[in-house]
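The values are calculated or read from the model by the stated rules, or taken from the named source; none is laboratory data. If you're wondering where the values come from, they're calculated on a predicted model, not measured in any experiment. Because the Cβ atoms are built from the backbone with ideal geometry, glycine has one as well, and the counts that use them run over all protein chains shown.
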Number of protein chains: 2
Amino acid sequence: MINIAVLGYGTIGTGVVEVLNTNGESIAKRAGDQINIKYVLDLREFPGDPIMEKLVHDVNIILDDPEVKIICEVMGGVEPAHTFVKAALLKGKSVITSNKELVAKHGAELLNIAKERNLNFLFEASVGGGIPIIRPLNQSLTADEIVEITGILNGTTNYILSKMSEEGIGFEAALADAQKLGYAERNPAADVEGHDACRKIAILSSLAFGMQVDYEDIYTEGITKISDIDIRYAKTLDAKIKLFATSIRENDRVYAMVAPVMIKSSHPLYSVNDVFNGIFVRGNVIGDVMFYGSGAGKLPTASAVVADIVDAAKHLGINIWTIWSSKKLELTDVNQVQHRFFIRVKGNTPQVVENVGKLFGDVEVVAAKGVAGEYAFITQSLSEQDLKEKANNLDGVLSIIRARF
Amino acid sequence: MINIAVLGYGTIGTGVVEVLNTNGESIAKRAGDQINIKYVLDLREFPGDPIMEKLVHDVNIILDDPEVKIICEVMGGVEPAHTFVKAALLKGKSVITSNKELVAKHGAELLNIAKERNLNFLFEASVGGGIPIIRPLNQSLTADEIVEITGILNGTTNYILSKMSEEGIGFEAALADAQKLGYAERNPAADVEGHDACRKIAILSSLAFGMQVDYEDIYTEGITKISDIDIRYAKTLDAKIKLFATSIRENDRVYAMVAPVMIKSSHPLYSVNDVFNGIFVRGNVIGDVMFYGSGAGKLPTASAVVADIVDAAKHLGINIWTIWSSKKLELTDVNQVQHRFFIRVKGNTPQVVENVGKLFGDVEVVAAKGVAGEYAFITQSLSEQDLKEKANNLDGVLSIIRARF
């Protein structure tokens, strides 16, 4: 029997308990031993819940119990999670976490402590919910140099954009719908401003390139400015607008960015809709692979946490090697990155058209049904810096969206 | 330095050498040691190829060299691969293979030998080419009971069906095109009759359910009877025809089948086109996940082989646990399985319509542009056995295709 403790009895914590109860027998077979939840840590009480027998309010009871071999941290947030996790590792316990803030900020440090002590620090659930992506990156794509990782990593924004596209409604209406369904929080900033996706791509980039990618360094733009008119244009282009979190290696330099992009149906992430997540990886020998599934939700996320518990149980005393040095990866200045851009400007007079021609040269003009009094076009590929300068000289810019085609 | 040997210098063998040369440095970092190809076994000579220095014609040179720790079997076919691989394991060498025939037939036996000796027998490349699926099934989806695995597992047939759909051409023309491009062999039976996909779903099913699924037990139907007219009907339904290899657990019984099916755009495998493969997995807690990528090809397949080499190198003396007992899993009789069926019959006279109504009750009638003199419909869900009996009483049946909607 392997004793574990669960830190945090919120959505994911209850999911972990449920998964271990539901599939306990087959999990024991795969882990080579029964997994027993000895403690659950939470400040709250849960009267009537059988978990009360195992509930403790003081983390030291768990940390000081040598019988506890594995700890699942599913509280979220950097503190006190970081203090608890670090203390657990220093006490010789392996740690599983679903906490993207913790992993993005302290992943390198915690992996290093785990490695020095022949323990494991595993975090499959921190990115992409149930989708296996951390383990495949670490253990399956090891023959490749990763050239690109691009993910739809936030289910809330993907739901909002899908809804806007399907129903022709605006951002605010789609957000309200997502909040009603529990897909978006009352304060939706972390999702809609792209911060959640940013932390996740920071983790994936650190793993793909083996060095610390600080999320503060990643250019991040949310979806709040995307309008129903933008989406109408996308439709005439047989395109969709998706919030991409992307990290690309070009000439031994890496750039990373979170921003809405237009993609066409030939892109593997085009059909990742609603709350689903998808992660596209390009390697220099494997070519393109894509992983798809539920990026959030109690049970899918708990499934990933429990799979990590199984892995930790199979590897008691054996460190599963993960390359993520604390050395900082200096990202390319995003101003140097080249894209095509979809741009809408007020007015469609000959003067506007002439001005666009002067600034951008040959462009692809786009018309959308029922939209009048404006002019929309797609530029040739140019750098973000160039775009900014040209757009500053253009009157009445209504929107600018990067185009991946 | 870890010495390895490559058995077979064909397409995949040359790919393995190329990947190790191209990405040697980062591979060494991930494996924890330099990987050195000490021998390549092939009956042929390769004048002018630097591989000649390492070429041997006698497998015993490799088997008897205690310096060789890992063997990659990339010859294909059951024999002599099985004899060589078994001998290698018995001599204390871990084995990597891309050989689906070998794994489908002898996987349980070889895994068992490897386990008893603290060695590894790894076969990521045997299914889905470069797509990570074996390792995710073994190590990532361990918290779940697998309910379904459905794959587009054969790139050749997927290319043919995509081509037929895109260009409106018939099976023979699309096959000729695939042969011209090197996607189909001169004798295409193994692909177009579904045998290749059958072996692959046998492997995935054995891993998902932990017991031996014999490929001879799996009902297998190829794509040779699919016509351009069938595809025209599919289009009017917003559907595509795909060769599905599927394995489904219902009420603790498993059925498995390889057959063309119609799917609509809401199915996650709908956008898996051309030579790409996709594998859809449904677990009882994780929900739906999907893996997508190049299902064949020299470098993607070699990428999977080399990733297994890295894993074996990291696990010298430590068996990576895989649950695949040699106990046979008795599959449900496919006649009991229920589907909807798309059926075309000659004639569209009131008599035909009446007869269809008498046999099948309420059906969904389908018309296709430019197709006349026949009647097409989709049945309610009924068992394969029922379908056969009813179809036997129906005159002029032109085609029957399972519908997954």
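The numbered conditions (1) surrounded by 19 or more Cβ atoms within 10 Å (Cβ to Cβ); (2) more than 10 Å from chain B (Cβ to nearest Cβ); (3) of a type in the set (Val, Ile, Thr); (4) within 27 Å of A:Ser271 (Cα to Cα) are all true for A:Val345 except (4). In segment B:156-166, the condition of being over 16 Å from the mean Cα position of the chain (by Cα), of a type in the set (Ser, Thr, Tyr), outside the structural domain of B:Ile71 (by TED's automatic domain parsing) and part of a loop (DSSP other than H, G, I, E, B) is met by no residue. Within segment A:238-252, if we keep just the residues that are more than 18 Å from the chain's Cα centre (by Cα) and at pLDDT 95 or above, the residue that is nearest to A:Leu204 (Cα to Cα) turns out to be A:Arg249.
Filtering segment B:211-221 to residues that are within 28 Å of B:Ile169 (Cα to Cα) and either under 13 Å from the mean Cα position of the chain (by Cα) or not in a loop (DSSP other than H, G, I, E, B) (or both) leaves B:Tyr219, B:Thr220.
When we screen B:Ile12, B:Ile4, B:Ile37 for residues that are touching a Ser or Thr at 6+ places or on another chain (Cβ under 7 Å), of a type in the set (Val, Ile, Thr) and under 23 Å from B:Gly297 (Cβ atoms), the only hit is B:Ile12.
What residue, of A:Ala202, A:Ala184, A:Ala208, A:Ala197, is free of Cβ contacts under 8 Å to residues at least 60 places away in the same chain and either assigned by TED's automatic domain parsing to the domain that holds A:Lys240 or part of a helix (DSSP H, G or I) (or both)? Spell out the reasoning first.
On the way: A:Ala202 fails: free of Cβ contacts under 8 Å to residues at least 60 places away in the same chain; A:Ala208 fails: free of Cβ contacts under 8 Å to residues at least 60 places away in the same chain; A:Ala197 fails: free of Cβ contacts under 8 Å to residues at least 60 places away in the same chain.
Testing whether each residue is free of Cβ contacts under 8 Å to residues at least 60 places away in the same chain and either assigned by TED's automatic domain parsing to the domain that holds A:Lys240 or part of a helix (DSSP H, G or I) (or both) leaves just A:Ala184.
None of A:Ile279, A:Ile320 is farther than 17 Å from B:Phe291 by Cα and either among the β-branched types (Val, Ile, Thr) or more than 7 Å from every other protein chain (Cβ to nearest Cβ) (or both) except A:Ile320. Across segment B:150-194, the qualifying residues are those that are within 14 Å of chain A (Cβ to nearest Cβ) and farther than 19 Å from B:Lys235 by Cβ, and the one among them that is surrounded by the most Cβ atoms within 10 Å (Cβ to Cβ) is B:Gly151. Among the residues of segment A:135-149, the ones that are among the β-branched types (Val, Ile, Thr) and facing chain B (nearest Cβ under 9 Å) come to 1 in all. Note on segment A:363-403: among residues that are modelled with pLDDT under 95 and among the charged types (D, E, K, R), the one that is farthest from A:Tyr270 (Cα to Cα) is A:Asp395.
Take A:Asn284 and tell me if it is facing chain B (nearest Cβ under 9 Å) and at pLDDT 95 or above.
On the way: facing chain B (nearest Cβ under 9 Å): yes; at pLDDT 95 or above: yes.
It is true that A:Asn284 is facing chain B (nearest Cβ under 9 Å) and at pLDDT 95 or above.
From the residues in segment B:255-270 that are buried (at least 19 other Cβ atoms within 10 Å of the Cβ) and among the small types (Gly, Ala, Ser), which one is farthest from the other protein chains (Cβ to nearest Cβ)? In this case the residue turns out to be B:Ala259.
Filtering segment B:204-214 to residues that are surrounded by fewer than 24 Cβ atoms within 10 Å (Cβ to Cβ) and away from every other protein chain (no Cβ under 14 Å) leaves B:Gln212, B:Asp214.
The residues listed here are A:Lys298, A:Lys200; of these, the one that is within 18 Å of A:Glu124 (Cα to Cα), within 11 Å of another protein chain (Cβ to nearest Cβ) and of a type in the set (Lys, Arg) is A:Lys298. The conditions of being more than 19 Å from the chain's Cα centre (by Cα) and aromatic (Phe, Trp, Tyr) are met by B:Phe171.
The set of residues in segment B:376-398 that are closer than 20 Å to B:Thr246 by Cβ, in contact (Cβ under 8 Å) with a residue 12 or more places away in the chain and surrounded by 15 or more Cβ atoms within 10 Å (Cβ to Cβ) comprises B:Ile378, B:Thr379, B:Leu382, B:Ser383, B:Glu384, B:Leu387.
Considering only helices (runs of 4 or more DSSP H) fully contained in segment A:1-119, which possess at least 1 residues that are within 25 Å of A:Gly129 (Cβ to Cβ) and away from chain B (no Cβ under 14 Å)?
Details: elements: A:11-22, A:24-31, A:59-63, A:81-90, A:100-116.
It comes to A:11-22, A:81-90, A:100-116.
The set of residues in segment A:215-253 that are touching a strand residue (DSSP E or B) at 6+ places or on another chain (Cβ under 6 Å) and farther than 29 Å from A:Val366 by Cα comprises A:Ile218, A:Arg249. Selection of segment A:120-155 for residues being part of a helix (DSSP H, G or I) and of a type outside the set (D, E, K, R) yields A:Ala125, A:Ser126, A:Ile134, A:Pro136, A:Leu137, A:Asn138, A:Gln139, A:Ser140, A:Gly155.
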